[in-house]
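The values are calculated or read from the model by the stated rules, or taken from the named source; none is laboratory data. Owing to the predicted nature of the structure, the values given are computational and were not obtained by experimental measurement. Note that we place each Cβ from the backbone using ideal geometry, even for glycine, and neighbour counts take in every protein chain shown. Each accessible area value is taken on the protein alone, full model and side chains, heavy atoms only, with ligands, DNA and RNA left out. Shrake-Rupley method; radii C 1.70, N 1.55, O 1.52, S 1.80 Å.
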Amino acid sequence: MLTYGSRLNCGQINYMLNNMSDINAIISTDSRPQLPFDLQLEQNNYQCVQILRDLPERRLAMKAIDSHGKNVVIKLFANQAKAQKDFERELQGVDAVKPVTVKTPKLLLSVSEPYGSALVYDYIENSQAFHLDSAVTERLALLSKLMLTLHLGGIYQDDIHLDNLLLSGDEIVLIDLGSVKQSGDGKALDKDTSLTNLARLFAQFSLQQRSHLMPLLKAYYEGRGWHYSADEQQQFSQLLDKTWQQRKTQFLKKCFRPCTMTYYQKNIHWQVAAKRDFWQQSQLQSVRDIEALFAGAQVLKAGNTATVVRTKLAGREVVIKRYNIKNLGHAISRCWRPSRAAASWCNANLLVFSGIPTTEPLAFIEKRMGPLRQTAYFISEYHEAEELLDVYQQRMPTESEVSQIQTIFSDLNTMQVGHGDMKAQNLLLDKQGKIRLIDLDAMREYGNKKQAIMAHLQDKKRFLKNWKNPELEAFFRVMLQGQNTRL
């Protein structure tokens with residue numbers, strides 16, 4: 001049996017116990033109790049304190065504390081068919097990894113009832129998502145060992161991504177076992193399946209980190225007893241490019257639908273997409289709320305087409321860019337097209353996905369009249385920074401800054417993306433020496449390689465037009481001419 005109550009007041013607790021005593025109600029964002037709340041699974045009592053992952057109306061993962069003060073992870077699955085398939089797959093994944101020497105959280109409890117299902121796991125203390133920010137060689141060795149162990153054992157995680165790999169001391173812990181699959185004969189995975197899975201893992205890393213991954217590929221081939229050659233590397237690179245494109249498409253779709261990452265709502269009055277945590281903390285309920293933030297905010301830009309202000313929202317400094325409607329003709333020309341705020345949201349998330357530094361996208365909001373779009377807003381994190389145009393009027397760029405600018409151009413080129421307005425005012429240098437690319441509403445991906453090359457050349461020309469100092473213009477011209485057309 002499952003019951004739960006919140007830590008609020010007795011009247012509310014009784015209401016919850018009497019009217020929402022099932023897993024579906026906890027998973028639903030409309031009826032979910034406020035954290036922290038108490039939860040009982042069979043005869044075990046827990047206090048749920050933090051949401052870890054949220055797939056609305058389907059499943060929910062939370063950090064909780066049991067009656068002995070021990071941290072655990074509770075996964076709840078709704079009683080709908082898809083969620084119950086997730087539950088069954090997770091149990092199968094738990095069984096699948098038992099024969100191999102891979103560290104996973106210990107399953108403490110499994111509950112399956114008509115009102116939904118639940119799994120309780122050990123919480124891995126002092127852990128973090130896998131990354132290559134430091135100790136690159138050691139961490140790649142851990143990653144190579146993990147993939148070899150899984151594949152030689154005839155299993156793989158189909159939905160492998162870095163949030164499913166935790167660093168705990170000198171070990172990698174594999175979590176989210178619902179996507180673990182087995183080879184039919186119990187033998188080591190065949191080559192095609194193995195390399196496809198490895199490409200999905202490599203596609204999780206930024207473009208700049210790919211160079212670090214080639215030694216891992218060689219070590220993997222050696223561990224499988226396969227011949228590693230230039231042809232094999234080329235074929236894998238093509239597979240990786242294809243896999244990366246697929247992952248990018250899936251990621252951008254998540255920016256426009258409800259998921260763990262994104263809060264999304266669309267009705268006849270407005271459309272909003274936002275980072276879920278930010279939206280929950282912002283307490284914005286309508287377009288009127290965001291418009292009210294402009295009163296008293298610091299104005300960064302006051303133009304006919306856009307107004308940009310700096311203000312505070314959800315406990316953080318933010319920049320809000322309002323895309324104005326100038327007149328009736330402008331309104332008619334814009335109302336049927338995706339708003340520039342939506343384009344900025346999509347493009348900023350694309351840069352984050354690709355590892356190209358920008359200000360963190362937090363939300364976009366469109367005011368609508370049915371299908372017709374009106375005023376729109378894009379919200380991003382504020383960073384104390386200077387425009388490169390102002391910085392380099394005072395001094396020459398440092399070696400680190402030159403490298404960062406080259407990387408931004410080369411990554412955009414690799415992705416076949418044109419910024420559309422690559423002036424120096426749209427490159428910001430913060431106090432930590434990091435350069436960020438902003439003003440993304442004109443940015444565009446190109447499926448045609450020739451068009452992408454032309455857009456890349458236009459970005460270079462626009463960047464070079466900034467510099468009135470002949471020495472600086474010549475410096476940047478040499479810097480950009482030293483790049484390949486396509487990396």
Magnitude of the Cβ-charge dipole (Lys and Arg +1, Asp and Glu -1) of the chain about the Cα centre, nearest 20 debye, reported as 1760 debye
For K266, counting only aspartates and glutamates whose alpha-carbon sits under 14 Å away and dropping same-chain residues fewer than eight positions off, the answer is E366
In the range 79-198 the accessible area split gives carbon plus sulfur, as whole percent at 1.4 Å, a share of 48 percent
As straight-line cross-link partners of K450, the qualifying lysines (C-alpha separation under 16 Å, not fewer than 8 residues apart within one chain) are K460
Expected vector for the range 157-168, Karplus 3J(HN,Hα) from phi with 6.51, -1.76, 1.60 and θ = phi - 60°, integer Hz, x for Gly and Pro, equals 9, 5, 9, 6, 8, 5, 5, 8, 10, 9, 8, 10
Given a 1.4 Å probe, the accessible area of the chain per residue, as a whole number of Å², is 49 Å²
Karplus-derived 3J(HN,Hα) from phi for the range 101-114 (6.51 cos²θ - 1.76 cosθ + 1.60, θ = phi - 60°), whole Hz, x at Gly and Pro, runs 8, 10, 6, 9, x, 6, 7, 9, 7, 10, 10, 10, 9, x
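With +1 on each Lys and Arg Cβ and -1 on each Asp and Glu Cβ, how big is the dipole of the range 209-338 about its Cα centre, in debye rounded to the nearest 20? Show your work: numbers first, answer last.
Values: 22 positive and 8 negative charges, 100 e Å.
Result for the range 209-338 is approximately 480 debye, rounded to the nearest 20.
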Over 26 Å (Cα to Cα) among K301/K434; K63/K191; K181/K275 -> K63/K191; K181/K275
Per the helix-only model, the chain has a calculated mean residue ellipticity at 222 nm (DSSP H runs of ≥4, -39500 (n - 2.57) each, divided over all residues, rounded to the nearest 500) of -12000 deg cm²/dmol
For the range 241-309, the dipole about the Cα centre with charges only on Cβ (Lys and Arg +1, Asp and Glu -1), to the nearest 20 debye, works out at 440 debye
For the chain, the charge dipole (Cβ of Lys, Arg +1; Cβ of Asp, Glu -1; about the Cα centre) points to a positive end, and the Cα of Y382, G93, L108 closest to that extreme belongs to Y382
In order over the range 259-268: 3J(HN,Hα) from phi, Karplus 6.51/-1.76/1.60, θ = phi - 60°, whole Hz, x for each Gly or Pro, gives 6, 4, 6, 10, 8, 9, 8, 9, 9, 6
